[in-house]
Amino acid sequence: MVVKTEDELIDELIDLSFAEDIGDGDHTTLCCIPADKMGKSKLLVKEEGILAGVEIAKRVFHRFDPELKVEQILHDGDHVKPGDIAFYVSGKDQSLLQTERLMLNIMQRMSGIATMTNKYVKELEGTNTRVLDTRKTTPGMRILEKQAVKIGGGCNHRIGLFDMILLKDNHVDFAGGIANAINRAKAYLKEKGKDMKIEIEVRNMDELEQALACGGVDRIMLDNFTPAQTKVAVDRIAGAVETESSGGITFSTLRQYAECGVTYISVGALTHSVKGLDLSLKACD
């Protein structure tokens, strides 16, 4: 399998999205807009939140038409409100119309994720706990969605199956237990000459004790523990490894888990069910 860079994956996503949307031509635009007509549009913010995707928007414009010119006003990570203008883009009207929807789809979703993430980050202020994303992402858009999490102030968990070993419940069960899973992971890394972190998911205090006895992991995920159980587990681990709370955690219980002293809280909702931020591209003088 050919390993591709993030830039290559983003360019492929953009190309695929244009192929999906335009097909053999945007006949609505082609039928009524002269090929040489020039114009200008503005990216209008219609909802309060955290802006994300400006840099990707520029890549969308320039990949479709290198002659499009962007006058940037706001930046990724800026707090925005209705009426703000993020940027102006000028060039051929046909290009502006054909790039509009893809740019908006990406920016609205990225801004929605950044806004949601920032809400969680603010809820954790005053603690030492950081919010993590997950692999519960839109197929093909993972890199952009994880960029949006970082723009919103969160942290990325592993990008995919290739950059960290995360031994979850099914791995443990198929491997025949906690110790087997950990020992095989350590042996595999040594055999392959790979240097990457190992995380083990535990479902109860008995599995936690097995993981601690085995050793050799960098992080322990406490899966579906209550806040009370989490506090006991964190005290038992006593800083020996990083800790992560996961499973069944909502915004209303987020701080309870943080106050138990966990290093991370992973939240699938940052990416799997977020609402896009309301943005619009409008023609202007």
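Some notes on this structure:
- Selection from region 207-240 of residues that are part of a helix (DSSP H, G or I), open to solvent by 40 Å² or more (accessible area, probe 1.4 Å), of a type outside the set (Lys, Arg) and over 17 Å from LYS168 (Cβ atoms): GLU209, LEU212, ALA213, ALA228, GLN229, VAL232, ASP235
Condition check ((1) out of contact with any strand residue (DSSP E or B) (no Cβ under 6 Å at 6 or more places or on another chain); (2) among the hydroxyl-bearing types (Ser, Thr, Tyr); (3) over 20 Å from VAL274 (Cβ atoms)) across all residues:
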residue	(1), (2), (3)
GLY140	yes, no, no
LEU144	yes, no, no
GLN147	yes, no, no
ASN156	yes, no, no
LEU167	no, no, yes
ALA181	no, no, yes
ALA185	no, no, yes
TYR188	yes, yes, yes
GLU191	yes, no, yes
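- In region 256-275, the residues that are more than 11 Å from LEU124 (Cα to Cα) and either of a type in the set (Asp, Glu) or not in a loop (DSSP other than H, G, I, E, B) (or both): SER266, ALA269, LEU270, THR271, HIS272
- Some residue of region 85-108 being of a type outside the set (A, V, I, L, M, F, W, C) and either closer than 30 Å to THR263 by Cβ or part of a loop (DSSP other than H, G, I, E, B) (or both): no
- Selected residue [of a type in the set (D, E, K, R) and under 29 Å from ILE50 (Cα atoms)] from ASP133, ASP173: ASP133
- Number of residues in region 214-246 that are within 18 Å of ASN183 (Cβ to Cβ), charged (D, E, K, R) and free of Cβ contacts under 8 Å to residues at least 40 places away in the same chain equals 1.
- Pairs with Cβ under 8 Å, 6+ apart, first in region 110-130 and among the small types (Gly, Ala, Ser), second open to solvent by 40 Å² or more (accessible area, probe 1.4 Å): GLY112/LYS275; ALA114/ASP76; ALA114/ILE151
- Residue within region 124-139 that is touching a helix residue (DSSP H, G or I) at 6+ places or on another chain (Cβ under 7 Å), assigned to a loop (DSSP other than H, G, I, E, B), within 28 Å of SER252 (Cα to Cα) and of a type in the set (A, V, I, L, M) present: yes
- Residue pairs whose Cβ atoms lie under 7 Å apart, separated by 6 or more positions or on different chains, with the first residue in region 91-108 and basic (Lys, Arg) and the second assigned to a helix (DSSP H, G or I), are ARG101/ASP21.
- Residue within region 140-154 that is modelled with pLDDT under 95, open to solvent by less than 70 Å² (accessible area, probe 1.4 Å) and closer than 23 Å to THR5 by Cβ present: yes
- Candidates SER245, SER280, filtered to the one that is open to solvent by less than 30 Å² (accessible area, probe 1.4 Å) and farther than 18 Å from GLY154 by Cβ: SER280
- Answer residue from region 186-206, given it is hydrophobic (A, V, I, L, M, F, W, C) and open to solvent by 10 Å² or more (accessible area, probe 1.4 Å) and is farthest from GLY268 (Cα to Cα) among those: ALA187
- Within region 64-96, tally of residues that are at positive phi and over 28 Å from the mean Cα position of the chain (by Cα): 1
The values are calculated or read from the model by the stated rules, or taken from the named source; none is laboratory data. Just so it is clear, the model here is predicted, and its values are computed rather than measured. Virtual Cβ from ideal backbone geometry, glycine too; neighbours counted across all protein chains shown. All accessible areas refer to the heavy atoms of the entire protein, side chains included, with ligands and DNA or RNA removed. Shrake-Rupley method; radii C 1.70, N 1.55, O 1.52, S 1.80 Å.
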